[in-house]
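The values are calculated or read from the model by the stated rules, or taken from the named source; none is laboratory data. These numbers come from a predicted model, not from an experiment. No Cβ is skipped: glycine too gets one built from the backbone with ideal geometry, and neighbour counts run over all protein chains shown.
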Amino acid sequence: MSGHSKWSTIKHKKAANDAVKGKIFSNLSKAITIAAKTGGGVDPDSNYKLRVVIDQARAENMPKQNIDRALSKAISSDENLEEITYEGFGPKGAGLLIKVVTDNKNRTVQEIKNILERGGGSLGGPGSVAFNFDSRSMIVIKKQANFDDQILSLIDAGVEEYEESNGAVEIYADPKSLFDLQEKMKKAGFEILESSLMQKPKNFLQLEKADSDKMLTLISTLEEHEDVQSVYTNAVPHDH
């Protein structure tokens, strides 16, 4: 998942084939395992991070046995998984946050560095990119025909930050308020398309078409790496 929904929209048009689905399930399995190991156990009611990931897995129609297997792995496996966020730059110096889960950080960092350099970017040091991103919860709801009334309803529900995008409305809030906000959206009668924890850029960089195409290729290549969970960027793609 890229950090700006417009990248996701472009990629979703390309095709969600079985290989893509397999990568999503693999990522979610790792995320469930590490959330259970580091977030406070295998009970999603007391482990907020785990609850978020399990909800995402269910939204992707991940089989229950896959979820249970990932939870069991958190209890029984000696595998030393680490969650790391690398900071880097893409075309025109656009910022990238690359979240990985790995059992070999030396291998992973070298491979990420190589991908960035081949894509016209570079690996940055700690803090070189992260300062431009905020941790947020994001809920995407379907845009209704009467958008003005919908916005008034969102404001009544306490929503302070939202963006219209591609026939949908993206709502942003404090990470800890994700589930409370979901309940409010359901009670208001809105159709929830997606919900997640993410890194939201504070400042954006608009790319021209040639650099936008390079960035799309770079993000796609990063996301295809087996250890990469998600990629966030402050780059805004050219209108394809």
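Here are some notes:
- When residues of the range 53-78 are limited to those that are part of a helix (DSSP H, G or I) and in contact (Cβ under 8 Å) with a residue 40 or more places away in the chain, the one nearest to the chain's Cα centre (by Cα): Q56
- Breaking point among (1) surrounded by 21 or more Cβ atoms within 10 Å (Cβ to Cβ); (2) at pLDDT below 95, for K200: (1)
- Residues in the range 228-239 that are among the acidic types (D, E) and either part of a helix (DSSP H, G or I) or crowded, with 22+ Cβ neighbours inside 10 Å (or both): 0 in all.
- Search result, residues across the range 189-218 that are assigned to a helix (DSSP H, G or I) and out of contact with any Leu (no Cβ under 8 Å at 6 or more places or on another chain): K209, A210, D211, S212, D213, K214, L216, T217
- Some residue of the range 166-187 being of a type in the set (A, V, I, L, M, F, W, C), closer than 28 Å to I32 by Cβ, assigned to a helix (DSSP H, G or I) and assigned by TED's automatic domain parsing to the domain that holds F89: no
- Any chance S177 is under 8 Å from I139 (Cα atoms) and in contact with a Ser or Thr (Cβ under 9 Å, 6 or more places away or on another chain): no
Per-residue answers, yes or no, for (1) among the hydrophobic types (A, V, I, L, M, F, W, C); (2) in contact (Cβ under 8 Å) with a residue 12 or more places away in the chain; (3) in a helix (DSSP H, G or I); (4) in contact with a Ser or Thr (Cβ under 9 Å, 6 or more places away or on another chain):
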residue: N80; (1), (2), (3), (4): no, yes, no, no
residue: I84; (1), (2), (3), (4): yes, yes, no, yes
residue: E87; (1), (2), (3), (4): no, yes, no, yes
residue: V100; (1), (2), (3), (4): yes, yes, no, yes
residue: S153; (1), (2), (3), (4): no, yes, yes, no
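- Members of the range 178-230 that are closer than 18 Å to F133 by Cβ and among the acidic types (D, E): E223
- Lone qualifier among I171, I151 - being surrounded by 15 or more Cβ atoms within 10 Å (Cβ to Cβ), among the aliphatic types (A, V, I, L, M), more than 26 Å from L96 (Cβ to Cβ) and touching a Phe, Trp or Tyr at 6+ places or on another chain (Cβ under 8 Å): I151
- Selection of first residues in the range 113-141 that are touching a residue at least 40 places away in the same chain (Cβ under 8 Å) and of second residues that are in a loop (DSSP other than H, G, I, E, B) and crowded, with 20+ Cβ neighbours inside 10 Å, restricted to Cβ pairs under 6 Å at least 6 apart or on distinct chains, gives the following pairs, ordered by first then second residue: G121/G90; N132/N234; I141/F190.
- For the range 178-195, the tally of residues that are of a type in the set (G, A, S) and touching an Asp or Glu at 6+ places or on another chain (Cβ under 9 Å) stands at 2.
- Leading residue by the ranking (nearest to the chain's Cα centre (by Cα)) among those in the range 102-130 that are surrounded by 15 or more Cβ atoms within 10 Å (Cβ to Cβ) and in a strand (DSSP E or B): T102
- The listed residue being over 21 Å from L178 (Cα atoms), at pLDDT below 95 and outside the structural domain of P175 (by TED's automatic domain parsing), out of K49, K113, K23, K92: K23
- Residue check, A94 more than 23 Å from Q199 (Cα to Cα), in contact with a Leu (Cβ under 8 Å, 6 or more places away or on another chain) and surrounded by 21 or more Cβ atoms within 10 Å (Cβ to Cβ): no
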